[in-house]
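Please read the structure below before turning to the comments.
The values are calculated or read from the model by the stated rules, or taken from the named source; none is laboratory data. The structure displayed is predicted, hence computed values, not measured ones. Positions of Cβ are backbone-derived with ideal geometry, glycine not excepted, and every protein chain shown enters the neighbour counts. The area values use the complete protein model at the heavy-atom level, side chains included, leaving out ligands, DNA and RNA. Shrake-Rupley method; radii C 1.70, N 1.55, O 1.52, S 1.80 Å.
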Amino acid sequence: MAHLNLFEPDAMQLAARKVAAVSGDARRALDICRRATELAAADQGTSGGSSSTGDSGTSGSSRKKTGGGAKAGTRVGTGHINRAVQEMFSSPKIVAIQRASAHEQMFLRAVLSEFRRTGLEEATLGDIYTQLQVLYRTEGLPAINSSQLCEVCSRLGASRLLLAEGGGRRHLQARVRLNMSQDDVIFSLRHQHII
C-alpha cells in the first residue's frame, strides 16, 4: 500500500500497531485501513481537501460512507486511523461486555478458554462450566452452581453476545457459540481486573 501514496507512513504504522496490540489479524488491519480511507474521502468532500491528517473535526453525523476510498490528493493520516479504530472498538457488543457483571465476564473468559482448548468455536455448556470452575479456583473466588451458570448464559444470550442452542434450554449439553469475534471479546476484557 505504501507505493500507492494514499497513507502517511505514520498512519500505516499506527494501524499495524493498533491491530498487533489486540490480535495481529491482518483482516482487522485491512478493515481499519478501509474505514480510514472512507473517512479521509468524507473529509475531503466536506472540507474541500484542507485536511491531510484527519483532524478536521467533522462530527460522526456529517461523515458519509464512500465506497471508492480516498479521493485524489487526500492522504490517510493518523487522525483517520484513530477515528476508524475508535469506531471499530466501540461497538455496542464491546461496550456490553465491558459493562457486564463479573460472572458474565468470567463466563466469557471460560468460553474463550474452551475454544482455545478444543480449537473449535462451539462448545457445550458443560465443558464451559468445567473451564469456569478452573478459572474461579485460579482467581480464588467462590464458584457458581449450574443453576447460576444457566442464568449467566441466558443473560448473555439475551444481550446477543452468545448464541445458545435451544434458546436457553437449561441443561449442560446445550451448544454455545459467541455472536462476535473472539478478538472483540479479548479486546473488551483486557482492561478488566479479572484478566
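Couple of notes before you dig in:
- Looking only at segment 88-106, residues that are in a helix (DSSP H, G or I), small (Gly, Ala, Ser) and open to solvent by 50 Å² or more (accessible area, probe 1.4 Å) come to 1 in all.
- Count - residues of segment 12-30 that are in a helix (DSSP H, G or I) and within 16 Å of Gln182 (Cα to Cα): 8
- For Arg177: the one exception among (1) closer than 30 Å to Arg35 by Cα; (2) open to solvent by less than 20 Å² (accessible area, probe 1.4 Å); (3) free of Cβ contacts under 8 Å to residues at least 60 places away in the same chain; (4) touching an Asp or Glu at 6+ places or on another chain (Cβ under 6 Å): (2)
- Complete set of residues in segment 14-36 that are under 14 Å from Glu87 (Cα atoms), in contact (Cβ under 8 Å) with a residue 24 or more places away in the chain and of a type in the set (Gly, Ala, Ser): Ala15, Ala36
- Residues of segment 117-144 that are under 15 Å from Ala102 (Cα atoms) and part of a loop (DSSP other than H, G, I, E, B): Gly140, Leu141, Pro142, Ala143, Ile144.
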